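**Student:** Have a look at this one.
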Amino acid sequence: MNTVILKFGGSSVADNIKLNVVAEKVISLKKEAKNVVVVVSAQGKTTNQLIKEAQELSAIPEEREMDMLLATGEQITAAKLSILLNRKGYPAISLTGWQAGIKTNTIHTSAKIEQIYTKRIEEELKKEKIVVVAGFQGLDEKQDITTLGRGGSDTTAVAMQVALKADKCYIFSDVDGIYSADPNMITMAKRLDEISFDEMQEIADSGAKVLHNRCIQMGKKFDCDIIAKSTFSVLNQGGTKICQQIESSEVKSIVKNENLVMITIETEEVYAIYQTLLQNNILVEAFEKKEEKIQFRIKKSERNKVTELLDSLYPDCVMKQEDLEKISIVGFGIVQDNKVLNQIIEILRKDNVGIVDINLTQSKIEILVSKVENQTIEKLHEKLIH
């Protein structure tokens, strides 16, 4: 191999012991590839802790300042790993996102990469150094630090793969690939050898914390396979390859998402409210008008931001909130088989799960419910995945 991209998630670099495991993995791949670029996340729960500390100072901190704060986590990891690699006799250099040439748009906390100027990285690779890049971050046209959204280091890695025309891109975590359900929730969950970009996109968009959704979009656009693996397993064993369309009509994965809030507002300001949400970079699901009310769904993490924003701009509007859950059954072409949906409805009926809404796409059956227990997800998994 000429060039390989390695990305290590927060659980993989959580402490100095795990950093040593990561360093050995990097060194083993350096022996196989001429050029190695490593993208790292913040250690462990660092990002969560920084968010908590910021919210102790302000319920809704300014997004620009949050980017300034959160970008430090990945920089710490990059520097530590470089220190360790150098000590082990493998020359390495750490780079921030902007030192690595990552230019983004100006949307704070969820910026998109517009260009990567690879000159600095290529110069360091020519010196036979391992380049360790702080993921999740870049610089906009105002020279302000931006971040790519939670999980954005995945997107940094795939963007590096595209920009450097790398042979392979590995996304390492504490889970050995993509599973048919959350293995922490469903004991019978199975690891998938391969999954298509479209199916993987549906899984990510459904709320599964597996891969950043934009890294999947990028992989599909530029036809760059992504390999999801465990940091702590043998390199040539296990893992899941995310690639172009796989022609098999079967259920691949079941995702339970507890992170949803339904907002209902009594108002006639339909367009104004929708535009307000868009202008503040708040993406909503299922925005619709029902008589004198509008309804839409948001992530729970957006609740405070949306509530304060709408209360300040539309104080006369009556707003109600309801926590919801979503079950997503993912598999290319499954909506063409009525048997699958019938089996799902039958299990939910027997378990007295109240269905709020059902939506279908080419690769997903999405069912909105008020509450669903994990044992019901296990029954769905046992019935639908073989």
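**Student:** I need the P(r) histogram for the range 213-311: all alpha carbon pairs, bin width 5 Å from 0 out to the longest distance, whole percents.
**Tutor:** Each 5 Å bin holds this share of Cα pairs: 2, 9, 14, 14, 12, 12, 11, 11, 8, 4, 2, 1.
**Student:** Please report the antiparallel percentage of the DSSP beta bridges confined to the range 3-134, to the nearest 5. Please report the intermediate quantities before stating the final value.
**Tutor:** Numbers: 3 of 17 bridges.
Roughly 20 percent of the beta bridges in the range 3-134 run antiparallel, per DSSP.
**Student:** Still on this model: Can you give the log10 of the normalised intensity I(q)/I(0) at q = 0.15, 0.16, 0.18, 0.20 Å⁻¹, computed with Debye over equal Cα scatterers of the range 97-249?
**Tutor:** Log10 of I(q)/I(0), two decimals: -0.81, -0.91, -1.10, -1.28.
**Student:** Could you work out how far helix 16-30 tilts from the main Cα principal axis of the chain, as a 0 to 90 degree angle to the nearest 10?
**Tutor:** In the chain, helix 16-30 runs at an angle near 70 degrees to the longest axis.
**Student:** Next up: Tell me the mean residue ellipticity at 222 nm calculated for the chain from its helices only (DSSP H runs of n ≥ 4, each -39500 (n - 2.57), averaged over every residue, nearest 500).
**Tutor:** Details: 11 runs with 136 residues, N = 386.
Estimated from H runs of four or more residues: -11000 deg cm²/dmol.
**Student:** If you place +1 on the Cβ of every Lys and Arg, -1 on the Cβ of every Asp and Glu, and leave all else neutral, what size is the dipole of the range 305-378 about its Cα centre, to the nearest 20 Debye? If you can, show how the numbers build up before the last one.
**Tutor:** Numbers: 8 positive and 13 negative charges, 57 e Å.
It works out to roughly 280 debye.
**Student:** Given the whole protein assembly as supplied and a 1.4 Å probe, what does the accessible area of Val335 come to in Å², nearest 10?
**Tutor:** 40 Å²
**Student:** Hey, another quick one. For q values of 0.09 Å⁻¹, compute log₁₀ I(q)/I(0) with the Debye formula on a Cα-only model of the range 13-152, without solvent.
**Tutor:** Log-scaled intensity ratios, in q order: -0.28.
**Student:** Compare Val284, Val21 by solvent-accessible area with a 1.4 Å probe and give them largest first, with all protein chains kept in place.
**Tutor:** Details: Val284 30, Val21 60 Å².
Per-residue accessible area, sorted high to low, gives Val21, Val284.
**Student:** Is there a quick way to get the dipole size of the chain? I mean about its Cα centre, with the Cβ of Lys and Arg at +1 and of Asp and Glu at -1; what is the value in debye to the nearest 20? Walk me through the intermediate numbers first.
**Tutor:** Values: 50 positive and 56 negative charges, 346 e Å.
That gives a dipole near 1660 debye.
**Student:** May I ask you to rank Phe222, Phe8 by accessible area, largest first, using a 1.4 Å probe over the protein chains only? Working shown, then result.
**Tutor:** Numbers: Phe222 100, Phe8 0 Å².
From most exposed to least exposed: Phe222, Phe8.
**Student:** Over the heavy atoms of Glu194, what accessible area does a 1.4 Å probe trace out, to the nearest 10 Å²?
**Tutor:** 80 Å²
**Student:** Can you give me the relative contact order of the chain as a percent, contacts being Cα pairs under 8 Å and 6 or more apart? Before the final figure, lay out the partial values.
**Tutor:** Details: 823 pairs, mean separation 53.0, N = 386.
Once normalised by length, the contact order is 14 percent.
**Student:** Please work out the average accessible area per residue across the chain, using the 1.4 Å probe convention, and give it in Å². Present the calculation step by step, with values, prior to reporting the outcome.
**Tutor:** Working: 18440 Å² over 386 residues.
For the chain, the solvent-accessible area averages 48 Å² per residue.
**Student:** Another question, if that's okay. How large is the accessible surface of Arg120 in square angstrom, using a 1.4 angstrom probe and rounding to the nearest 10?
**Tutor:** Its heavy atoms expose roughly 80 Å² to the probe.
**Student:** Between Glu56 and Tyr271, take the C-beta separation as r, use R0 = 45 Å, and let me know the FRET efficiency to the nearest 0.05. Working shown, then result.
**Tutor:** Details: r = 37 Å, r/R0 = 0.81.
For Glu56 and Tyr271, the calculated efficiency is 0.80.
**Student:** Give me the percent of DSSP beta bridges within the chain that run antiparallel, rounded to the nearest 5. Could the numbers behind the result be given before it?
**Tutor:** Numbers: 45 of 72 bridges.
So the antiparallel bridges in the chain amount to around 60 percent.
**Student:** Right, here's the next one. Just check the chain against the gyration tensor rule for me: Cα atoms, a ≥ b ≥ c as the square roots of the eigenvalues, rounded for a/c under 1.5, and otherwise prolate or oblate depending on whether a/b exceeds b/c. All intermediate terms of the calculation are to be shown ahead of the outcome.
**Tutor:** Details: a/c = 2.09, a/b = 1.32, b/c = 1.59.
Oblate, since a/c reaches 1.5 and b/c is not below a/b.
**Student:** Taking the range 256-343, how much of its Cα-Cα pair set, in percent, is spaced more than 16 angstrom apart?
**Tutor:** Numbers: 2215 of 3828 pairs.
Here the tail beyond 16 Å accounts for 58 percent of pairs.
**Student:** A further question on this structure: According to a simple spin-label model (label point 7 Å from Cα along Cα-to-Cβ), what is the distance in nm between Asp144 and Asn236?
**Tutor:** Taking the two extended label points, one gets 5.0 nm.
**Student:** I'd like the orientation of helix 338-350 relative to the chain: the angle between its Cα long axis and the longest Cα principal axis, in ° from 0 to 90, rounded to 10.
**Tutor:** Compared with the principal axis, the helix lies near 70 degrees.
**Student:** Can I ask one more? Report, in whole Å, the centroid distance computed from the Cα atoms of the range 345-363 and the range 228-264.
**Tutor:** When both Cα centres are located, 21 Å separates them.
**Student:** Report, to the nearest whole %, how much of the accessible area of the chain belongs to carbon and sulfur atoms, 1.4 Å probe, protein only.
**Tutor:** Working: 8630 of 18440 Å².
With neighbouring chains kept in place, the figure for the chain is 47 percent.
**Student:** Helix 46-57 sits at what angle to the longest principal axis of the chain, using alpha carbons and giving 0 to 90 degrees rounded to 10?
**Tutor:** Helix 46-57 and the main axis of the chain meet at about 60 degrees.
**Student:** Over 19 Å between Cα atoms, which of Lys305/Lys326; Lys112/Lys221; Lys7/Lys31; Lys252/Lys371; Lys45/Lys112; Lys52/Lys142 qualify?
**Tutor:** Numbers: Lys305/Lys326 22 Å; Lys112/Lys221 15 Å; Lys7/Lys31 17 Å; Lys252/Lys371 23 Å; Lys45/Lys112 23 Å; Lys52/Lys142 27 Å.
Correct reply: Lys305/Lys326; Lys252/Lys371; Lys45/Lys112; Lys52/Lys142.
**Student:** Farthest toward the dipole's positive end in the chain, which of Ala134, Val37, Cys224, given Cβ charges of +1 (Lys, Arg) and -1 (Asp, Glu) about the Cα centre?
**Tutor:** Val37
The values are calculated or read from the model by the stated rules, or taken from the named source; none is laboratory data. Just so we're clear, the structure is a prediction, and the values are computed from it rather than from any experiment. So basically every Cβ, Gly included, is an ideal-geometry build from the backbone, and we count neighbours across all protein chains shown. In case anyone asks, the SASA skips ligands and DNA or RNA and just uses the protein heavy atoms, side chains included. Shrake-Rupley method; radii C 1.70, N 1.55, O 1.52, S 1.80 Å.
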